[in-house]
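Right, one structure below, let's go through it.
The values are calculated or read from the model by the stated rules, or taken from the named source; none is laboratory data. None of the values given here were measured: they were computed from a predicted structure. Cβ coordinates were reconstructed from backbone atoms using ideal geometry, including for glycine residues, and neighbour counts include every protein chain displayed.
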Amino acid sequence: MKKGTLFLFLALILSSVPIKPVESLIQPSSSSPDLIIFNVLLNNTEPRNEDVVVFGALCDNMGDTDAVQWEINIYLDEKLFDTISVDVLSAGTLLHVTSDPWVATPGNHTVHFVLDAENHVDESNEDNNVMSKLFIVKLPVLNGEPTIVDIMGRPSQPTVGQMAIVQSEVRNIDTVPRDFTFIVQVKNPQGVVEYLSFITGSVNPGQSLTPGVSWTPQTSGEYVVETYVWKSFDEPIVLSESVSKEISVAG
């Protein structure tokens, strides 16, 4: 094949291949908001019973357009606790939100933040809008197992007609002093409350006291002694777990 003929042949082949414009080879960039939640916080990292707790979260719009008119739902133990409305979160802007206050109750809890809960914002990524945090609300006082001692403070078995002292160690594991009411309830062998008494006191952080009340059993048999630590009868806020113990009263 002659040289001129070869060039003509190649030109015909190239002319038959469609040429795409350069701009058609460039994928358009995303033009959507992208709401993301970084962290869930509590104003008190070790809440106690009856403490006031506020939940917070740090959010961001990682997209390249503004997120307009959306909401944040906050769930506490799977129940809707609070809703925060957001007018606009500009692209690349951080947002710190806080909930209404909650009065803590003892036990294990979960707080759950959901961004754009109603899907009002068309996001480039819908999988980063949720975050949860587990936390425990502890009681501020530890209540030890009740013990029975005689009037000299020596461990003893209670006997019919003889005074005994029901006592327990009360320890403050909180960071503030705690006024308390130590309550003793005794149930007879029939399960009926036969005796109820209390004593008040105050215990400093890290300190232990051993309050006790006197009790004179009237009949022999198997009894159940229950102890409680409350703030007071006027404010019956539970400060510790209740503790019970079976005891035998000799005839």
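Does VAL114 satisfy the condition of being more than 15 Å from TYR75 (Cα to Cα) and of a type in the set (Val, Ile, Thr)? Judged against the criteria, VAL114 is not a match.
Look at (1) at pLDDT below 95; (2) under 25 Å from the mean Cα position of the chain (by Cα); (3) not hydrophobic (A, V, I, L, M, F, W, C) and you find that SER99 fails only one, number (1). Exactly one residue out of ASN172, ASN125 is closer than 27 Å to SER232 by Cα and touching a strand residue (DSSP E or B) at 6+ places or on another chain (Cβ under 9 Å): that is ASN172.
Looking across the stretch 78-96 at every residue that is of a type in the set (Ser, Thr, Tyr) and over 20 Å from the mean Cα position of the chain (by Cα), the one that is farthest from PHE55 (Cα to Cα) is identified as SER90. Filtering the stretch 191-229 to residues that are in a strand (DSSP E or B), out of contact with any Gly (no Cβ under 8 Å at 6 or more places or on another chain) and farther than 21 Å from GLN157 by Cβ leaves VAL193, LEU196, PHE198, THR200, GLY201, SER202, VAL203, SER208, TYR228, VAL229. Condition check: modelled with pLDDT of 95 or more, hydrophobic (A, V, I, L, M, F, W, C), out of contact with any Asp or Glu (no Cβ under 9 Å at 6 or more places or on another chain) and crowded, with 18+ Cβ neighbours inside 10 Å. Does VAL53 satisfy that? Here the answer is yes, as VAL53 does meet what is asked. Looking only at the stretch 89-100, which residues are touching a Phe, Trp or Tyr at 6+ places or on another chain (Cβ under 9 Å) and either assigned to a loop (DSSP other than H, G, I, E, B) or exposed (fewer than 14 other Cβ atoms within 10 Å of the Cβ) (or both)? Answer for the stretch 89-100, where residues must be touching a Phe, Trp or Tyr at 6+ places or on another chain (Cβ under 9 Å) and either assigned to a loop (DSSP other than H, G, I, E, B) or exposed (fewer than 14 other Cβ atoms within 10 Å of the Cβ) (or both): LEU94, SER99, ASP100.
Inspection of the stretch 142-156 finds no residue satisfying the criterion of being among the hydroxyl-bearing types (Ser, Thr, Tyr) and assigned by TED's automatic domain parsing to the domain that holds LEU58. In the stretch 72-81, the condition of being crowded, with 19+ Cβ neighbours inside 10 Å and either assigned by TED's automatic domain parsing to the domain that holds ASN49 or part of a loop (DSSP other than H, G, I, E, B) (or both) is met by at least one residue. Where strands (runs of 3 or more DSSP E) fall wholly inside the stretch 110-190, the ranges with 1 or more residues that are surrounded by 14 or more Cβ atoms within 10 Å (Cβ to Cβ) and among the hydroxyl-bearing types (Ser, Thr, Tyr) are 147-149, 178-187. Give the residue that is surrounded by the most Cβ atoms within 10 Å (Cβ to Cβ), with candidates limited to residues of the stretch 230-251 that are under 18 Å from THR159 (Cα atoms) and within 36 Å of the chain's Cα centre (by Cα). Applying the filter and picking the extreme gives LYS245.
Just a yes or no: is a residue in the stretch 46-67 free of Cβ contacts under 8 Å to residues at least 60 places away in the same chain, among the polar types (S, T, N, Q) and either touching a strand residue (DSSP E or B) at 6+ places or on another chain (Cβ under 6 Å) or over 30 Å from PRO217 (Cβ atoms) (or both)? The answer is yes, given that some residue of the stretch 46-67 is free of Cβ contacts under 8 Å to residues at least 60 places away in the same chain, among the polar types (S, T, N, Q) and either touching a strand residue (DSSP E or B) at 6+ places or on another chain (Cβ under 6 Å) or over 30 Å from PRO217 (Cβ atoms) (or both).
Among the residues of the stretch 171-190, those identified as touching a residue at least 12 places away in the same chain (Cβ under 8 Å) and farther than 30 Å from ASN44 by Cβ are VAL184, GLN185, VAL186, LYS187, ASN188, PRO189.
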